Amino acid sequence: MHISDFRKVDVAVIGATPGGFSAAREVGRYTDDFVLIDATRPGDPGGGSGDRSPRRFVDGVNTAYRLLSQPSAASAAVTADAAGAALRRMREGVVDGIEGGRPTLGAGEILSGDVRLIGLNHVYVGGRIVEADAIIVALGERPSIPAPLQHFAADIVTADEILDAARLPRSVAVLGLGEEGLAMAQALRRLGVRTAAFDTATGLAGIRDPDIVTEALAVFDREFPIVLGQKVDVQRAADGRLQVAAGSASTCVDRLLLTGGGRPDAAALGWHGLDIPTDRDGLPVCDPLTRRVAGTSIFVVGDARAHPAGPQYAVLQGRTAGYNAAHRTLREMPDITPLTIAFCDPAMAAVGAPLDSLDADTTVTAKRRFGTVAAPSLTEAAGGVIKLYADRRTRQLRGGAMIGRGSEHLAHLLGAFVQQRLTVDDALDMPFHHPVAEEMLREGLDALCDALQPPTAAPADGHAAGPTDAPTMRVVATGPLAGDSEGGGRA
C-alpha cells in the first residue's frame, strides 16, 4: 500500500451523496476541521458516489415538452415527434445542469479516490490516510441485476447510463415502477423512445391508494402501456431483441431499464476486517435513531429501507449523524411524516400512513377532483384527484394521496399539517390564497370536513365538550351585536 499523505481531522464523511452533503453541512456548523470523501468505484470515470438522481433530468424533459407542445400565434402545435427531437438536442444541457448542481461545503475540503476503512478511526483514500475522531459513511447504491435477468446483462441499462449515453435506445421496457421508474418511463417516451412499463406490485410510484392508482393508470396509459401486478417474463426473440411478457401483455424491445433495488456501496468498505457485524446486505448494524455503530465513533447514513419516506430520509439521517459525530452526546432523529413524490407529469404524491395501514372503522376519507383552480395558469386545465384521510373521533389529519399538477407542493403542505397533528378544522383555518394550486388542498379539506361528523359544540366557557376535544370556532357574542337595537339599528 503506497501512502503519499497522512492527515488528522475531527470528522471524515465518506460519500458525496445527498445524505453525505447533509452530514457535512451539519458538521461544518461546529468545526472547520473535516473532509468529505467522494468515493470512486472500480470502472468509474470520476466520483462514483455523487447525486445522480434523474429527477432534474425528468423535470427538464417534462417542462420542455409542455412548452414545445403549446400552440403559438406564429405556428401550429408542435407534434410529439418534433418535441421529442428537440428534447433529444437539449438533453446534454439538462445533464450538465445535474452535474453542476452540487451544494457547497464552506470550510470543508473534498478528497477523491478509492476508499476503504483500515481502522475504526482510519480511512484509506487514493493513497492517503485520513485519521478522524468520527467517521460518517454516507455511500449510495449501485444497481444490481436479479439472477433471472443475468443472461440479458448486455441488454440492460440503468438510469445513470441513460443520463450518460450518447444515443438513446429505440425501444425500452422499464422494469420497476417506483418513483424513479415511472418518471423515467414517461420522460423516455417523451424523448421519442417506444416505452412499455411493468411492475409485479399493484401500487404505482410507491403509492398504494387504489383510487389514485386507478386515476394514474388512466392518465399515463395515454402515453405508454403499463402492466401492474403480473409476473414478468423475459426471453430472447428470434431477431435478437428482448420479448417481455406479463399476463396477456407482450412487447419486443431493444433494452431493459431496471429501476429500484441495488446493493449498497458501503458493503465494500471492509467491515469484517474491523470485526464489525453486518446485516445480510453487508451493511454494519447501527442504532436506527442515532445512526451510530455500537462501540465505535462510526455513523451510517443512507439506509432508508426501513422507513417509508424513501431516499429523502437519508438527508435527515445525515443531519443527525453530522450532529452526533461533532459532539460527545448523541441525539435521536425526529419522527417525520413519510412523504413519497413521483416527479412525473402530472406529479403523484402520498403523505402519512398508507390508507391500507389505517383502521377502516375509525378512518374517514374524502376525495375531490382537480379543477382549473389547481392549474398552473388560469388558461391551462389540470386533471387529477386528491384524497385525504382523517381520524373519525379526533378529526386529526392522518395523510392522503394525490395525482395532479402541483402535487409535489401540496404534499409538502399536507405533510406539515400531519406532522403538526392538526385537525381538519385547524388546517382549514390556515391561509390559502386565490387563485393558486394550494386551493386544491383546501378543496380536499372541505370535502373531508363534510364527510366527518360536525365538531362538538362549545359550551359557554368556550371549551369544546365531548370526548374528541375537537377545536371549534369560539363564540364571542350571541343575540343582537353590542350597541345594536333589537331591530338591528343604532340605539
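The values are calculated or read from the model by the stated rules, or taken from the named source; none is laboratory data. Being a predicted model, the structure only gives us computed values, none of them experimental. Note that each Cβ is placed from the backbone with ideal geometry, even for glycine, and that neighbours are counted across all protein chains shown.
A few remarks follow.
- Tally of residues being under 16 Å from ALA437 (Cβ atoms) and of a type in the set (D, E, K, R) across segment 391-411: 2
- Test set (1) touching a strand residue (DSSP E or B) at 6+ places or on another chain (Cβ under 8 Å); (2) over 13 Å from LEU388 (Cβ atoms) - GLY415 fails condition number: (2)
- Look at (1) hydroxyl-bearing (Ser, Thr, Tyr); (2) over 22 Å from ALA173 (Cβ atoms); (3) in contact with a Leu (Cβ under 6 Å, 6 or more places away or on another chain) and you find that THR214 fails only one, number (3).
- All of THR278, THR290, THR296, THR259 fail the test of being among the β-branched types (Val, Ile, Thr) and without any contact (Cβ under 8 Å) to a residue 24 or more places away in the chain, apart from THR278.
- Residue in segment 402-423 that is hydrophobic (A, V, I, L, M, F, W, C), assigned to a strand (DSSP E or B) and not assigned by TED's automatic domain parsing to the domain that holds ILE212 present: yes
- Within segment 391-409, being under 16 Å from ALA366 (Cα atoms) and within 15 Å of the chain's Cα centre (by Cα) holds for ALA401, MET402, ILE403.
- Residue identified as touching a Cys at 6+ places or on another chain (Cβ under 6 Å) and either at pLDDT 95 or above or of a type in the set (A, V, I, L, M) (or both) among VAL351, VAL436, VAL364, VAL424: VAL424
- Qualifying position, being surrounded by fewer than 21 Cβ atoms within 10 Å (Cβ to Cβ) and not acidic (Asp, Glu), among PHE152, PHE198: PHE152
- Looking only at segment 389-413, and only at residues there that are touching a Lys or Arg at 6+ places or on another chain (Cβ under 9 Å) and under 27 Å from ASN62 (Cα atoms), the one that is surrounded by the most Cβ atoms within 10 Å (Cβ to Cβ): MET402
- A residue that is at pLDDT 95 or above and of a type in the set (Val, Ile, Thr) cannot be found anywhere in segment 202-209.
Conditions (1) acidic (Asp, Glu); (2) surrounded by fewer than 21 Cβ atoms within 10 Å (Cβ to Cβ); (3) closer than 20 Å to ILE403 by Cβ, marked per residue:
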position: THR202; (1), (2), (3): no, yes, yes
position: ASP209; (1), (2), (3): yes, no, yes
position: GLU223; (1), (2), (3): yes, yes, yes
position: ASP233; (1), (2), (3): yes, yes, no
position: ALA238; (1), (2), (3): no, yes, no
position: SER250; (1), (2), (3): no, yes, no
position: GLY270; (1), (2), (3): no, yes, no
position: ILE276; (1), (2), (3): no, yes, no
position: ARG280; (1), (2), (3): no, yes, no
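- Look at (1) more than 23 Å from LEU330 (Cα to Cα); (2) aliphatic (A, V, I, L, M); (3) touching a residue at least 40 places away in the same chain (Cβ under 8 Å) and you find that ALA245 fails only one, number (3).
- Residue ID - nearest to the chain's Cα centre (by Cα), chosen from residues in segment 131-162 that are of a type in the set (D, E, K, R) and modelled with pLDDT of 90 or more: ASP155
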